[in-house]
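Asks: Pasting in a structure now, in structure tokens, and then I'll have a few things to ask.
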Amino acid sequence: AQTVTQSQPEMSVQEAETVTLSCTYDTSESDYYLFWYKQPPSRQMILVIRQEAYKQQNATENRFSVNFQKAAKSFSLKISDSQLGDAAMYFCAYRRGSAGGGADGLTFGKGTHLIIQP
Amino acid sequence: SAVISQKPSRDICQRGTSLTIQCQVDSQVTMMFWYRQQPGQSLTLIATANQGSEATYESGFVIDKFPISRPNLTFSTLTVSNMSPEDSSIYLCSVITSGNTIYFGEGSWLTVV
């Protein structure tokens, strides 16, 4: 079974600085997707960024980018120019792709609580 | 995109009772999922709600405790049966669209007293 590990329960960064959240995963599949979700105090799950395993290019969404190292099974999230609104829980998640069945839901890591210092 | 409505958004329930959570999507989707998020924890997949057949449950979750219905491609319900304080959680509905994008409802926050 696949597992997702987030080794940083909490991270703190100064406003306008850059922070990197770590995520590793374990799978025997070759076709899969990786995600970062943000969960603010409202509890709404907000998709931050998504990466398809077959794509070598790292995904980028504005101030958010990932460092996807497939061989190392690592998927870190970099947030540039941190803003107060970025404060939230961040969850790394995995989903098997269609080639492997594709009927699975997401497997989540335990989350990283990101604090933004003004 | 998909807009997901969950009801109730929040409820306080008595021990031993059951509560049904509804999930309505504004478009037809093939895959619908139910997750549980216990206080201070991550999300755990409960089951996949299959249209026209029984739900597929993850290890540790059983149909008698969490019966699920999926009568059509836009609607599903999750019932939390014979509730105990350990069932106090946020329950989230999630869908996957044809574009392979995953959306979540706003969650149903249950407190069992």
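The values are calculated or read from the model by the stated rules, or taken from the named source; none is laboratory data. The structure presented is a predicted model; accordingly, all values stated were derived computationally and were not measured. We place every Cβ from the backbone using ideal geometry, glycine too, and count neighbours over all the protein chains shown. Ligands, DNA and RNA are stripped out before the accessible areas are found, and what is left, the full protein with its side chains, is counted by its heavy atoms. Shrake-Rupley method; radii C 1.70, N 1.55, O 1.52, S 1.80 Å.
Asks: Of all the C-alpha pairs in the range B:1-68, what % are more than 16 Å from each other?
Replies: Value for the range B:1-68: 58 percent of Cα pairs lie more than 16 Å apart.
Asks: With a 10 Å cut-off between alpha carbons and a GNM built on chain B, which of B:Ser69, B:Ser89, B:Ser59 moves the most?
Replies: Comparing B:Ser69, B:Ser89, B:Ser59 in a Gaussian network model of chain B, the most mobile one is B:Ser59.
Asks: Now for a different question. Among the chymotrypsin sites (Phe, Trp or Tyr not before Pro) within the range A:1-75, which fall in a DSSP loop and have no more than 14 other Cβ atoms within 10 Å of their own Cβ?
Replies: When the chymotrypsin sites (Phe, Trp or Tyr not before Pro) of the range A:1-75 are filtered for loop state and at most 14 Cβ neighbours within 10 Å, A:Tyr54 remain.
Asks: Return the Rg/Rh value of the range A:3-117, two decimal places, where both radii are evaluated on C-alpha atoms and Rh is the Kirkwood radius.
Replies: Rounded to two decimals, Rg/Rh equals 0.96.
Asks: Hey, can you find the accessible area per residue of the protein assembly as shown for me, probe 1.4 Å, expressed in square angstrom?
Replies: 48
Asks: Measuring from the lowest to the highest alpha carbon on each principal axis, how far does the range A:1-49 reach, largest first, in angstroms?
Replies: So the three principal-axis extents are 38, 22, 17 Å.
Asks: Rounded to the nearest percent, how much of the accessible area of the range A:44-118 (1.4 Å probe, protein heavy atoms only) is carbon and sulfur?
Replies: Looking at the range A:44-118 in its full context, I get 48 percent from C and S.
Asks: Can you spot the lysines whose alpha carbon is less than 22 Å from A:Lys110's alpha carbon? Ignore those fewer than 8 places along the same chain.
Replies: Reachable lysines: A:Lys38, A:Lys70, A:Lys73, A:Lys78.
Asks: Taking 7 Å along the Cα-to-C-beta vector as the label spot, tell me the B:Ser9-A:Ala71 distance in nanometres, rounded to one decimal.
Replies: It is 5.0 nm.
Asks: To check you understand DSSP bridge types, tell me what percent of the beta bridges within the protein assembly as shown (both residues inside) are antiparallel, rounded to 5.
Replies: Roughly 90 percent of the beta bridges in the protein assembly as shown run antiparallel, per DSSP.
Asks: Among B:Gln37, B:Gln14, B:Gln24, which one shows the biggest mean-square fluctuation in a GNM of chain B, springs joining Cα atoms closer than 10 Å?
Replies: B:Gln14
Asks: From largest accessible area down, sort B:Val95, B:Val3; use a 1.4 Å probe on the protein chains.
Replies: On the way: B:Val95 0, B:Val3 85 Å².
These residues rank, largest area first, as B:Val3, B:Val95.
Asks: Moving on to the next point. So, in Å, what gap is there between the alpha-carbon centers of the range A:20-97 and the range B:70-113?
Replies: For the range A:20-97 versus the range B:70-113, the Cα centre distance is 23 Å.
Asks: What is the spread of the Cα atoms of the range B:4-112 along each of their three principal axes, largest first, in whole Å?
Replies: Largest to smallest, the principal-axis extents are 39, 25, 22 Å.
Asks: Please compute one quarter of the surface area of the Cα convex hull for the protein assembly as shown and express it in square nanometres.
Replies: Spelled out: convex hull of the Cα atoms, projected over all directions, averaged, 12.5 nm².
Asks: Now, a different point. So in chain B, which Cys have no other cysteine's beta-carbon sitting under 4.7 angstrom from theirs?
Replies: B:Cys13
Asks: Can you pull out the buried accessible area for chains B and A, both sides counted, probe 1.4 Å, rounded to the nearest 100 Å²? Don't skip to the answer; put the middle values down first.
Replies: Values: alone 6140 and 6430 Å², together 11020 Å².
Result for this pair: about 1600 Å² buried.
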